[in-house]
2 protein chains.
Amino acid sequence: MFKDFKLIAGRPVYIQVKDYMKHLIIKSALQGGQKLPSTRELSTLLKVSRNSIISAYESLEDDGFAYTVQGQGSYVSPGAGAGHGGPEAASWSMDWKERISGHALLAEELDIMKRGIRAEKGTISFTSIAPDESLFDLEHVRRAFLERMSVEGNVLLNYGYAKGYKPLIDYLRQYMEHKGVDMRGKDLLITNGFTEGFDIVLTALGKRHGAVICENPTHHTAVKNLKLHGFGIHGVTMERDGIHLGELKRALDEREYDCAYLVPSYHNPTGIVMSPEKRQGLMKLMQDYKVPVIEDGFNEELRYSGAHVAPLIAAAGGGNSVVYLGSFSKVLFPGLRVGWVLADQELIYYLESVKRARSIHTSTLDQSILYQYLLGGNLEKYLKKARLEYKRKYELTLACCKEHIPYASLSGDGGLHLFVTFAEGFNTRELLAACHGQGVIFTAGDIFFTDGTGQNTLRLGFSRVADEDIRRGIEIIGRTARQLMR
Amino acid sequence: MFKDFKLIAGRPVYIQVKDYMKHLIIKSALQGGQKLPSTRELSTLLKVSRNSIISAYESLEDDGFAYTVQGQGSYVSPGAGAGHGGPEAASWSMDWKERISGHALLAEELDIMKRGIRAEKGTISFTSIAPDESLFDLEHVRRAFLERMSVEGNVLLNYGYAKGYKPLIDYLRQYMEHKGVDMRGKDLLITNGFTEGFDIVLTALGKRHGAVICENPTHHTAVKNLKLHGFGIHGVTMERDGIHLGELKRALDEREYDCAYLVPSYHNPTGIVMSPEKRQGLMKLMQDYKVPVIEDGFNEELRYSGAHVAPLIAAAGGGNSVVYLGSFSKVLFPGLRVGWVLADQELIYYLESVKRARSIHTSTLDQSILYQYLLGGNLEKYLKKARLEYKRKYELTLACCKEHIPYASLSGDGGLHLFVTFAEGFNTRELLAACHGQGVIFTAGDIFFTDGTGQNTLRLGFSRVADEDIRRGIEIIGRTARQLMR
């Protein structure tokens, strides 16, 4: 015994000794009532200072694994090792697969992270549309944290409110007002990013007609969550300037929908920004057919050129028919799981209770860091830098696509990705397989389509790909596509 | 115009100027195409440096709210103000209440935060069982953050994994192994605290019989979530050393249950720690009737005396029938929304997909801070201090109850609260109303009961109440109870 003790760095020695002894007690290598080696003995055996052993024994007592007998030494607490698969233990196994709900089975089936190709080292991957972490300004995040901690550290680390961190809520209210939103009668709820916000809204939305209308293609996570909530999904064709209004009207004439899910700016996956005119026309239709809108504002901030375009919730003026889901994930730090729902205050009142039942509240630390970072004007500084870099990569990717890829059409007005459509009949899954063999991967577009089409499309995320890899990767994709076309 | 501009502290002046101008543009006080005041003019009007105005105009351009004409100055972008409730706007309102789902209505109805008494300033409140934030050691949290940020800040701020932050997962695996858990065939998922973990497990658990068995009384959040998931709930009476095994057996003979939800240590609300013998007997029953167990280990660490008691999942040995939900919320920092689910690896595989669909992943910053804090041995240091303080308050509260409160029985082996039961027929809601009038509040116990009983019980959370308030508050509760008994 005591031969297999090994020290690791970065952890107090006495705790490593305690853990080691606990382990022996748990495994019943040291029995209840048994005397532990004297601190001097153990210090020699484990080759650590005697003080460490003394502290370790104290800590074992604190945890109820040992006790001291005055003048005699330390002993293992009776029953401390109990419960561990001994003879008494009630050890039986069941087949969990049989017990899994349909919801969980579907969640797994629709989990593309478990289906996608894993990028081996050296692969040129266009699959990610996450921000380029080398652009992160850690120093300001660090300062924001230290600032909030010094102001109200105790408060930040204790329970917060389901609705969110008040200073951040107030900041975001003003932030949205500056996007042209009429805030009267509206309220705001902080969530663990867009995904939780969307999930909570769908949970709170009663199923009257059991169907949702959206763009086709659209954000696959949204499609997944709509399916998980049992909604039928009807996708409407995208045109160069956004959703096809004529087709939308025909669809609305055909049947009723519980709501519309729309991504008006830097639409995922097409990267299209809906024109102001179309936004007005769209909102008029929604009004005529009384269909509420869930607006996904996920990376509105990634504008590289052109005038500011107001979100749909601004076009709705004093109305309450738009539920806006905001997030800085794509623009700032996805690691900070903070998003928000801006909507009618009565709806938010109910969403707050759903949120509380789901996760009590969003990390106060994340919220307070984001708040302090935004208040200090760091978003503007960061966006200035990020937009320049992403715009450069965007233009490089665009140029490479035009030079190398035999596409039928190409879209993307900004954001962190481009969307490529090949001639009918071309299959991007075959293209992906062929490119993967050459160390290049991208996202086959079919996963974004609501009607099983899109086999001739693909999405290229460029935010995390180095310039030379963008050139080489796209050249390979283009060449391979040509070969497949022959 | 420009008269109502006011500067606030802590935010760059140029951004405040930009926000102000944005506001005027949005409100159409400045029209599209209109020339903005020269930087010199505006600097005089707003009484801020000209450089701030210059930066503000640049930033307005970056955001697409303005454009420059060489040699002439800055102009408002056409349409930048559009979308805001103008004539074109499609502004209509709907009655969201009509659209709310039954789930959301129930979540609101069961939301005790919206039902409970708000404690006015100066009220002595025994309602909280959150930790005492004055015990938090902010310095080590600060260091843990800075340490992780310097090691891998970029990684922490970008997307993480649904399963959790690898170093924390590995740490917790070992942590649970040291509680006597046989980790073979088991896996671990990080969640946004206990609540999300429980919600995800219930989501993944197929409804075969539609019923769950638990202790009566039990954790009200658990009751709420079980109801929200549509499970019938059968509560089994608590004895001084835990759940009544005879009654449990009779209940299991009567019908089948999908699972059991149990809080074996510092049970909420009774504060009872189930005896090792009872744990064995309980697990034997669960095995005989093949009922999987969801174990809530929520504040196991708050042991003030006695030997270490292994969790049920340890008693299950190599079996996979126990799903353990862990959290440091009550012990460490509730603000860090981090909990974990330890269970059969196949089950975790599905829970991971449900988690991803719910919230992508838990805040990486929270996870990494917690990991670094734990690795550094700060939990042990903190617990040493916290246990001393809580034990002191626990004993004070116990003494005060014995001196003043005419209870029928009293329970609480540790943790942050005591549970008081009065004679049958006594009503703690009346007591609460009477005490509230005297500036003292507590939690009426009926909310913890699964069968509508418990009107004669109450929970006293003492963790955040000052010593003299504990004395005064309990004296008032006792006196008032006596008066009501006459």
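Details
- A:Arg392 open to solvent by 10 Å² or more (accessible area, probe 1.4 Å) and free of Cβ contacts under 8 Å to residues at least 60 places away in the same chain: yes
- Test for A:Ser38: is it of a type outside the set (A, V, I, L, M), open to solvent by less than 70 Å² (accessible area, probe 1.4 Å) and at the interface with chain B (Cβ under 9 Å from one of its Cβ atoms): no
- Scan of segment A:413-448 for residues that are surrounded by fewer than 18 Cβ atoms within 10 Å (Cβ to Cβ), over 27 Å from the mean Cα position of the chain (by Cα) and either part of a loop (DSSP other than H, G, I, E, B) or of a type in the set (Phe, Trp, Tyr) (or both), ordered by number: A:Ala423, A:Glu424, A:Gly425, A:Asn427, A:Gly437, A:Gln438
- Residue within segment A:204-218 that is within 12 Å of chain B (Cβ to nearest Cβ), assigned to a helix (DSSP H, G or I) and open to solvent by less than 40 Å² (accessible area, probe 1.4 Å) present: yes
- Residue match in segment B:336-346 (condition: basic (Lys, Arg) and either part of a loop (DSSP other than H, G, I, E, B) or without any contact (Cβ under 8 Å) to a residue 60 or more places away in the chain (or both)): yes
- Subset of segment A:241-255 that is under 30 Å from A:Tyr394 (Cα atoms) and either among the small types (Gly, Ala, Ser) or under 28 Å from the mean Cα position of the chain (by Cα) (or both) - its residue that is surrounded by the fewest Cβ atoms within 10 Å (Cβ to Cβ): A:Asp241
- For B:Asp258: the one exception among (1) within 13 Å of chain A (Cβ to nearest Cβ); (2) open to solvent by 10 Å² or more (accessible area, probe 1.4 Å); (3) over 27 Å from B:Leu458 (Cα atoms): (2)
- For beta carbons closer than 7 Å, sequence separation of 6+ or different chains, a first residue in segment A:240-258 that is farther than 17 Å from A:His209 by Cα and a second that is open to solvent by 30 Å² or more (accessible area, probe 1.4 Å) and of a type in the set (Ser, Thr, Tyr), the qualifying pairs are A:His244/A:Thr237; A:Glu247/A:Thr237.
- B:Gly160 meets all of the listed conditions (1) among the small types (Gly, Ala, Ser); (2) in contact with a strand residue (DSSP E or B) (Cβ under 8 Å, 6 or more places away or on another chain); (3) crowded, with 20+ Cβ neighbours inside 10 Å but one, namely (2).
- Taken over segment B:308-329, the criterion of being open to solvent by 10 Å² or more (accessible area, probe 1.4 Å) and modelled with pLDDT of 95 or more is satisfied by B:Asn320 alone.
- Evaluating B:Leu332 against the criteria (1) open to solvent by less than 10 Å² (accessible area, probe 1.4 Å); (2) in contact (Cβ under 8 Å) with a residue 12 or more places away in the chain; (3) in a helix (DSSP H, G or I); (4) within 9 Å of chain A (Cβ to nearest Cβ) leaves one unmet condition, (3).
- Of the residues B:Asp187, B:Asp182, the single one that is of a type in the set (D, E, K, R) and in contact with a helix residue (DSSP H, G or I) (Cβ under 6 Å, 6 or more places away or on another chain) is B:Asp187.
- 3 or more residues facing chain B (nearest Cβ under 10 Å) and modelled with pLDDT of 95 or more: qualifying helices (runs of 4 or more DSSP H) within segment A:58-170: A:102-109, A:138-157
- Residue pairs meeting the criteria (Cβ under 8 Å; at least 6 apart or on separate chains; first open to solvent by 20 Å² or more (accessible area, probe 1.4 Å), in segment B:5-29; second of a type in the set (S, T, N, Q) and assigned to a loop (DSSP other than H, G, I, E, B)): B:Val13/B:Ser49
- Verdict on B:Asn192 being assigned by TED's automatic domain parsing to the domain that holds B:Pro292, over 23 Å from A:Gly335 (Cα atoms) and of a type in the set (S, T, N, Q): no
- Complete set of residues in segment B:171-197 that are surrounded by 23 or more Cβ atoms within 10 Å (Cβ to Cβ), under 29 Å from B:Leu418 (Cβ atoms) and more than 10 Å from chain A (Cβ to nearest Cβ): none
- Scoring B:Tyr349 on the criteria (1) aromatic (Phe, Trp, Tyr); (2) buried (at least 23 other Cβ atoms within 10 Å of the Cβ); (3) within 8 Å of chain A (Cβ to nearest Cβ) leaves a single failure, condition (2).
The values are calculated or read from the model by the stated rules, or taken from the named source; none is laboratory data. Everything numeric in this text was worked out from a predicted model, so none of it was measured. Glycine also receives a Cβ, built like all others from the backbone with ideal geometry; neighbour counts cover every protein chain displayed. To get the accessible areas, we keep the full protein, side chains included, count just its heavy atoms, and leave off ligands, DNA and RNA. Shrake-Rupley method; radii C 1.70, N 1.55, O 1.52, S 1.80 Å.
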